[in-house]
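Everything on this sheet refers to the single structure shown next.
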Amino acid sequence: MKKYTLGRKLFAAVLHQMFMIMVVCSLFAMDELVRTHEMENLMELSMLSIIGLVGTFIALAYLTNVSGYRDEDEKEVFFHPIDKVYGDILTILFILVIWVLLRYTLHLRKQDFELAGLLVSAGTLTYLFDIIFMTFYLSIIRRSKANILYTRTLLYVVYAKISERMAARKQHQPVTRKAREQRKVCDAIEAIASGELDTTLSVEEFHGTEKHMAEAVNHIRDGMSEALARNIRNERMKADLITNVSHDIKTPLTSIVNYVDLLKREEIDNENAQKYIRILDDKSQRLKQLTEDLVEASKISSGNVKLDMQRIDFVELLCQTGGEFNERFEARNLTIVTKLPHDPVYIRADGRQLYRAIENLYTNAAKYALEKTRVYVELGVEKNEAVFTMKNISKNVYQGDLAKGALAERFVRGETSRTTEGSGLGLSITKSLTELMGGTFTLTIDGDLFIITVSFGIA
């Protein structure tokens, strides 16, 4: 807490009063010497008044620095009782008192005083003047440090009241008790509808029909909260079920894949047997891929994915991934048009997860792009972001929810037929992994034009 001791404040105040009295008394003494034509000590008094004037300003600056204090957050300020008076009223009182004191001070010159009596009278009035001045001045300093110099005025209070009344009229604030209670019920219903399920009405504050309405709103909130909790439990159970079943399937599936591989190495002359082995190989590989996708999707949904964020050259990763898919694109007569920067583009991401996400996009294009068309792959830098874009013509025309981006949801497939290779998880996994690593994923479908955009901040 920034707090100055009372001793420093008193020292600064006394020092300021001493210098001010010195200045005023020197000026009165000089005036008296000039009137009596005694010019011997005029130079010394002039120097004394200059010293007093400089000291007055230095003491005032020091007093300004040590006055007022706040807590560490600069929110709460401890006030002097005079600070509770409205600023404009305090200003008017200050001006009136100072005007009276100045009148009396100027009147001293007309009185028939000896030099000693004149200096005592001038010093006394200066002392009173300085006390009133410092009371007003320090109040201004404390208000200024507390940021209430303007708000702690009567004019501002009146203005705030008028503004509050006008705002209340614009919002059609209810006047009667019944209308106010109905407004509270409506506000609670709107809050619950927007998802704030912790909204509760205090039934004791309502009367009559509105009391029954408040009770009903609380019951609705309790029912929705319970339904939401039940839904969350069900989703967690589904995720756990998928994870457990996938892990249980992986062990026998690995054995099946290995034994099929062993059969492929055997020299079997029977063509039907070789055909069956090829079918077993294709189906087992598809099942293996589906199992891996399920495990990955369940990990992402349950938050069990551990990221190893590093500085990665996005250009190099795209070149590597594109090279691995050349044969698959050529097999379907697809021409890939790649536009990548010559210089490295570094982003922060998990290399393994980023490769998995980009691989899913290339796989999706290799499976579902219209044959004998082009697939455009581009990487650019826009507003300090690396923006990867993949465009292709789809062999299907998507409509309805699919055209609005529903294809990026889990288990949503562009083809309703279950005979295709897709599992409905590739784009969903890519979207989830991209967002987990701090990137953005956008899917745009315009008829048969399929555009996917993935962007990351430049490292």
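The values are calculated or read from the model by the stated rules, or taken from the named source; none is laboratory data. Everything numeric here is computed off the predicted structure, so don't read it as measured data. Cβ sites come from the backbone with ideal geometry, for glycine too, and all protein chains shown count toward neighbours. Note: areas computed on protein heavy atoms with side chains; ligands, DNA, RNA excluded. Shrake-Rupley method; radii C 1.70, N 1.55, O 1.52, S 1.80 Å.
Listing for the model above:
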{"item": "Unmet criterion (only one of (1) at pLDDT 90 or above; (2) within 19 Å of residue 452 (Cα to Cα); (3) of a type in the set (Phe, Trp, Tyr)) for residue 368", "result": "(1)"}
{"item": "Members of the range 301-312 that are more than 30 Å from residue 240 (Cα to Cα) and either touching a Leu at 6+ places or on another chain (Cβ under 9 Å) or open to solvent by less than 50 Å² (accessible area, probe 1.4 Å) (or both)", "result": "312"}
{"item": "Residue, modelled with the lowest pLDDT, within the range 231-278, restricted to residues that are surrounded by 11 or more Cβ atoms within 10 Å (Cβ to Cβ), basic (Lys, Arg) and closer than 30 Å to residue 305 by Cα", "result": "238"}
{"item": "Failed item in (1) farther than 16 Å from residue 119 by Cα; (2) open to solvent by less than 30 Å² (accessible area, probe 1.4 Å), with residue 23 passing the rest", "result": "(1)"}
{"item": "Residue check for residue 355: of a type in the set (Ser, Thr, Tyr) and more than 33 Å from the chain's Cα centre (by Cα)", "result": "no"}
{"item": "Within the range 98-130, tally of residues that are open to solvent by 60 Å² or more (accessible area, probe 1.4 Å) and modelled with pLDDT of 75 or more", "result": "7"}
{"item": "Extreme residue, nearest to residue 83 (Cα to Cα), among residues of the range 131-150 that are surrounded by 16 or more Cβ atoms within 10 Å (Cβ to Cβ) and small (Gly, Ala, Ser)", "result": "139"}
{"item": "Residue 192 at pLDDT 80 or above and open to solvent by 80 Å² or more (accessible area, probe 1.4 Å)", "result": "no"}
{"item": "Selection count where residues are free of Cβ contacts under 8 Å to residues at least 12 places away in the same chain and open to solvent by less than 80 Å² (accessible area, probe 1.4 Å), scope the range 221-230", "result": "4"}
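Every residue, every condition in (1) in contact (Cβ under 8 Å) with a residue 40 or more places away in the chain; (2) assigned to a helix (DSSP H, G or I); (3) out of contact with any Ser or Thr (no Cβ under 6 Å at 6 or more places or on another chain), yes or no:
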| residue | (1), (2), (3) |
| --- | --- |
| 132 | no, yes, yes |
| 138 | yes, yes, no |
| 142 | yes, yes, yes |
| 200 | no, no, yes |
